[in-house]
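One structure below.
No lab work stands behind these numbers, since they all come straight from the coordinates. Everything quoted here is computed from the prediction, not taken from an experiment. Neighbour counts run over all protein chains shown; Cβ positions are idealised from the backbone, glycine included.
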Amino acid sequence: MPTVKDIIVRKPSEEEARTCKTWGTWGCEVSTFPWEYTQTEKCLILAGRVTVTNDPDDGASVSFGPGDYVEFPDGLRCLWKVAEPVRKHYEFE
């Protein structure tokens, strides 16, 4: 089963950033909630600050913010901790 250590966080290439802008958008206010990925998700963070931990939390975490390209693996169960309202472009595979 994937863990937060399997989440990829990096800066996108210019071409990737252009492609991401054609995807749908999603936003969320400051909150904490569990999430389970049933598909791989790729996203570009436009605004906000998020820390994702394993569910249940074992101390491992990944944080990301504006300008980050993030890939979440299929099968990941995690806890989203949204510290600043987030907005992102996203696509599921």
Can you report the number of residues in the stretch 9-19 which are surrounded by 13 or more Cβ atoms within 10 Å (Cβ to Cβ) and under 13 Å from the mean Cα position of the chain (by Cα)?
1
So is L76 of a type in the set (A, V, I, L, M, F, W, C) and within 15 Å of T3 (Cβ to Cβ) or not?
yes
Can you tell me how many residues within the stretch 20-35 are closer than 20 Å to P2 by Cβ and either surrounded by 15 or more Cβ atoms within 10 Å (Cβ to Cβ) or within 12 Å of the chain's Cα centre (by Cα) (or both)?
1
In the stretch 38-71, what residues are crowded, with 18+ Cβ neighbours inside 10 Å, under 17 Å from H89 (Cβ atoms) and of a type in the set (S, T, Y)?
Y69
Please tell me if V70 is in contact (Cβ under 8 Å) with a residue 12 or more places away in the chain, under 18 Å from R10 (Cα atoms), in contact with a strand residue (DSSP E or B) (Cβ under 7 Å, 6 or more places away or on another chain) and of a type in the set (A, V, I, L, M, F, W, C).
yes
Of the conditions (1) more than 23 Å from P2 (Cα to Cα); (2) surrounded by 14 or more Cβ atoms within 10 Å (Cβ to Cβ); (3) of a type outside the set (F, W, Y), E84 clears all except one; give me its number.
(2)
